[in-house]
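Student: I'd like to ask you about the structure that follows.
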Amino acid sequence: MSNQADAVSSRRYPPTSEFASQATGQASLYEEAKADRLSFWADQANQLEWHKPFTKTLDWSNAPFAQWFTDGELNVAYNCLDRHVLAGNGDRIALLFEGEPGDTDTYTYRVLTTAVKKAANVMTDLGISAGDRVAIYLPMIPEAIISMLAVARIGAIHSVIFGGFSAEALHTRINDAKASLVITADGGYRKGKASALKPAVDDALAGGHCPSVENVLVVKRTGEAIGWNAHDIWWHDAMAAASDEHTAEAFPAEQPLFILYTSGTTGTPKGILHTSGGYLTQAAYTHRNVFDLKPETDVYWCTADVGWITGHSYVAYGPLANGATQVLYEGTPDAPHAGRWWEVIEKYGVTILYTAPTAIRSFMKTGREIPDQFNLSSLRVLGSVGEPINPEAWVWYRDVIGGGKCPIVDTWWQTETGAIMISPLPGVTSLKPGSAQIPLPGITMAVLDDDAKPVQDGAAGYLTITEPWPSMLRGIWGNPDRYIEAYWSRFEGIYFAGDGAKLDEDGDLWVLGRVDDVMNVSGHRLSTAEIESALVGHPWVAEAAVVGASDELTGQAVVAFVILRHSHVAEAEAGDVNKVLRDHVSKEIGAIARPRQVMVVSELPKTRSGKIMRRLLRDVAENREIGDVTTLADSSVMNLISSKLASGAKD
Ligand code: WTA
């Protein structure tokens with residue numbers, strides 16, 4: 001860290017006494033949780049409405065498979081909708097939808113409840129029942145939320161697939177979950193133009209490749225021409241014909257709620273499974289306390305897409321369980337103009353903003369002149385998620401966006417944890433730029449060394465979670481062994497998150513990033529193995545190694561090293577290898593996985609046991625002096641790579 005960065009990260013920002021005195025989450029939460037962790041969680045769970053109250057808080061007898069609130073019964077959608085209407089808040093706005101082209105729509109809790117009831121009837125009429133899987137592949141439009149809640153309402157299981165993923169990625173995920181229904185749209189608006197979605201579903205399903213799928217519900221969003229198959233049904237036709245009467249049935253607390261695929265260290269994405277009662281408890285608890293929510297007056301906006309866990313917990317479930325009013329924005333930050341986000345904040349009077357460091361860094365780069373043109377004075381709490389936030393970006397976020405007065409909550413969590421685990425409480429914690437600080441009340445974590453001993457004196461170690469928590473993943477869909485292997489085998493009885501961390505002299509936690517072969521690009525998780533397997537799927541490529549190189553804007557960027565097949569070298573070198581292979585990865589996985597660079601090399605650095613030494617490739621990708629090569633099977637390989645790259649092989 002530079003001296004300047006050091007100076008920034010040693011600043012402290014205590015809450016003002018005004019903020020502290022009215023804060024939703026008070027210091028007493030830490031004491032309550034410490035005194036009796038399980039009864040603390042039971043109290044949080046009891047803020048939901050249970051059709052049948054639970055008597056047992058945690059069953060950990062079959063560890064690491066947890067059961068929370070196990071004999072209780074509830075309906076997740078009822079808790080997010082009907083409950084608020086019945087409490088007299090039906091006229092409160094749930095969703096303020098802003099389309100990218102500027103079209104708008106407003107849903108009160110009453111209107112949203114009716115829409116979800118209808119959608120639940122549509123699904124039931126299509127033969128979907130409790131436990132069935134429904135794949136959702138939609139833009140950020142109200143129908144995405146309506147679909148998720150309707151699936152939850154009938155006890156079915158959704159698997160939302162990010163709209164930026166390719167047909168191939170869709171196909172793998174639909175088949176892994178054996179989804180019987182797919183909900184999609186003709187397209188959505190992104191970067192100033194209509195972007196099609198339905199063709200990817202058609203491609204994924206073509207030739208009977210997804211045999212479990214019986215129907216495809218299609219939302220009309222852009223009105224562009226699309227192909228039509230016998231199993232396709234227009235969403236608006238089905239909704240118009242559906243009854244708006246629907247009684248929410250109670251399901252067990254451990255009823256599966258959703259599967260969300262995320263990248264792991266191997267080539268196939270993992271279907272992370274979350275269930276109902278514990279998940280909703282922690283999503284609501286964290287949303288309320290971390291963001292200091294005042295549901296009657298706040299206008300909350302989380303910029304994440306529902307295709308990611310942040311969109312599940314902090315667009316769909318947390319805010320709606322808490323009866324919040326939120327903005328739902330369809331598009332990108334810079335369309336149709338660079339001030340689009342700030343315009344949205346001014347227009348709706350957004351008070352709480354939750355976004356990712358990569359977005360903040362790109363706004364920093366374009367300069368404060370743009371946000372300065374808008375009135376952002378309504379903001380009072382700012383959140384950050386997805387990757388470590390560098391202290392400079394933290395201070396810029398606070399000063400330029402937050403007018404120097406808003407607390408920033410840097411929230412660490414994962415798809416697997418379901419909800420926020422580490423974060424300051426904005427009315428309690430004295431903030432430190434760049435540090436996620438401390439586990440939330442009810443959460444117990446430790447930074448351990450290789451021998452499972454707590455690290456000392458600011459040394460780096462592994463970030464672990466030492467006790468089960470309500471919104472923890474319940475497993476990997478269809479693969480219990482992989483669940484144990486991936487999270488519970490590194491340390492006995494302790495959850496290993498895959499991140500490195502250190503504790504400073506105040507006991508505050510600094511997340512150092514992934515210690516496994518998972519990259520974090522613009523706050524999105526990508527696996528090196530998944531991209532490597534896409535690359536070797538191309539006829540030109542014999543071998544591939546992928547690394548995450550540090551990148552000023554996106555945190556990390558994908559850099560690929562490939563060895564060409566002898567038979568294809570001439571063809572590849574005559575074409576634009578870099579572009580062809582980058583496009584290939586986009587097509588196979590999605591644009592987010594597109595490498596920044598593809599370097600053609602004649603060898604890859606390997607240990608004697610054949611393991612690729614990514615550390616050395618990272619040195620090359622980051623233009624650094626190459627580190628220790630003594631463990632290489634052939635130490636001349638790095639010279640070969642460097643000389644080949646230096647001899648003008650274009651990147
Ligand atoms: C990283 C996103 C530092 C981390 C919610 C984690 C963070 C991975 C932070 C999970 C943060 C997330 N500070 N790193 N505040 N938040 N990460 O599953 O490496 O998409 O393991 O969940 O993102 O990514 P995922």
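Student: If I histogram all Cα-Cα distances within the stretch 204-261 using bins 5 Å wide from 0, what percent of pairs lands in each bin?
Tutor: That works out to 4, 11, 16, 16, 19, 19, 11, 5, 1, in percent per bin.
Student: Okay, next question. What is the set of long-range amide H partners of ARG190 at a cut-off below 5 Å, with H atoms built 1.01 Å from backbone N?
Tutor: Hits under the 5 Å cutoff: SER195.
Student: Please state the relative contact order of the stretch 429-534 as a whole percent: Cα pairs under 8 Å, 6+ residues apart?
Tutor: On the way: 151 pairs, mean separation 27.0, N = 106.
Answer for the stretch 429-534 is 25 percent.
Student: With each run of n ≥ 4 DSSP H residues scored as -39500 (n - 2.57), what mean residue ellipticity at 222 nm is computed for the chain after dividing by its residue count and rounding to the nearest 500 deg cm²/dmol?
Tutor: Values: 22 runs with 190 residues, N = 651.
After summing the helix terms and dividing by the residues of the chain, the value is -8000 deg cm²/dmol.
Student: Also, quick follow-up: Report, in listed order, any pair from LYS347/LYS432; LYS178/LYS270; LYS117/LYS347; LYS34/LYS294; LYS405/LYS432; LYS34/LYS432 with a Cα-Cα distance greater than 20 Å. It would help to have the intermediate numbers written out before the result.
Tutor: Working: LYS347/LYS432 31 Å; LYS178/LYS270 14 Å; LYS117/LYS347 30 Å; LYS34/LYS294 25 Å; LYS405/LYS432 14 Å; LYS34/LYS432 23 Å.
Those over the limit are LYS347/LYS432; LYS117/LYS347; LYS34/LYS294; LYS34/LYS432.
Student: How big is the Rg/Rh ratio for the stretch 229-271, C-alpha atoms only, Rh by Kirkwood, two decimals?
Tutor: Details: Rg = 17.7 Å, Rh = 15.0 Å.
A ratio of 1.18.
Student: Could I have the simple spin-label model distance between LEU640 and GLN47, label points 7 Å from Cα toward Cβ, reported in nm to one decimal?
Tutor: 6.0 nm
Student: Using alpha carbons only, what's the Rg to Rh ratio of the chain with Rh from Kirkwood? Working shown, then result.
Tutor: Values: Rg = 24.4 Å, Rh = 25.6 Å.
Looking at the chain, the ratio lands at 0.95.
Student: What ratio of Cα Rg to 2.2 N^0.38 Å holds for the stretch 141-223? Kindly include the intermediate steps, with their values, before the conclusion.
Tutor: Working: Rg = 12.6 Å, N = 83, 2.2 N^0.38 = 11.8 Å.
Computed over Cα atoms of the stretch 141-223, the ratio equals 1.07.
Student: Calculate the length of the line joining the C-alpha centroid of the stretch 64-129 to that of the stretch 370-413, in whole Å.
Tutor: When both Cα centres are located, 30 Å separates them.
Student: Sort out for me the Cα centre separation of the stretch 543-565 from the stretch 275-339, rounded to whole Å.
Tutor: Computed from Cα coordinates, the inter-centre distance equals 32 Å.
Student: Next up: Taking every DSSP beta bridge with both residues inside the chain, roughly what % is antiparallel (nearest 5)?
Tutor: Details: 60 of 100 bridges.
Once the DSSP bridges in the chain are tallied, antiparallel ones form about 60 percent.
Student: Once amide H atoms are built 1.01 Å from N in the peptide plane, which residues 5 or more positions from GLY590, or in another chain, come under 5 Å H to H?
Tutor: Here the answer is SER166, since their amide H atoms fall under 5 Å of that of GLY590.
Student: To the nearest 10 Å², what's ARG624's accessible area with a 1.4 Å probe?
Tutor: Roll a 1.4 Å probe over it and ARG624 shows about 120 Å².
Student: Taking 0.36 nm per intervening residue step and subtracting the Cα-Cα distance, what contour gain separates ASN229 from ASP105 on full extension?
Tutor: Numbers: separation 124, 0.36 × 124 = 44.64 nm, distance 2.98 nm.
Full-extension gain reported as 41.7 nm.
Student: Now a separate question. Based on Cα coordinates alone, diagonalise the gyration tensor for the stretch 354-512, multiply each eigenvalue by 5, take square roots, and list the semi-axes in whole Å, largest first. Numbers along the way, then the final one.
Tutor: On the way: eigenvalues 207, 60, 37 Å².
Three semi-axes, in Å: 32, 17, 14.
Student: Whole angstrom only: what separates the Cα centroid of the stretch 10-25 from the Cα centroid of the stretch 181-253?
Tutor: What the calculation gives is 46 Å, centre to centre.
Student: Right, here's the next one. Assuming a ≥ b ≥ c are the square roots of the Cα gyration tensor eigenvalues, decide whether the stretch 160-284 counts as rounded (a/c under 1.5), prolate (otherwise, with a/b larger than b/c) or oblate. Please report the intermediate quantities before stating the final value.
Tutor: Details: a/c = 1.65, a/b = 1.19, b/c = 1.39.
Verdict is oblate for the stretch 160-284.
Student: Consider all pairwise Cα distances in the stretch 507-651 and report the whole-number % of them above 27 Å.
Tutor: On the way: 2021 of 10440 pairs.
Value for the stretch 507-651: 19 percent of Cα pairs lie more than 27 Å apart.
Student: Follow-up. Relative contact order for the chain: what is it in percent, counting Cα pairs under 8 Å that are at least 6 residues apart?
Tutor: Values: 1437 pairs, mean separation 86.3, N = 651.
Relative contact order of the chain: 13 percent.
The values are calculated or read from the model by the stated rules, or taken from the named source; none is laboratory data. All values reported here derive from a predicted model rather than from experimental measurement. Ideal geometry is used to build each Cβ from the backbone, glycine not excepted, and the neighbour counts take in all protein chains shown. Just the protein is used for accessible areas: all its heavy atoms, side chains included, with ligands, DNA and RNA removed. Shrake-Rupley method; radii C 1.70, N 1.55, O 1.52, S 1.80 Å.
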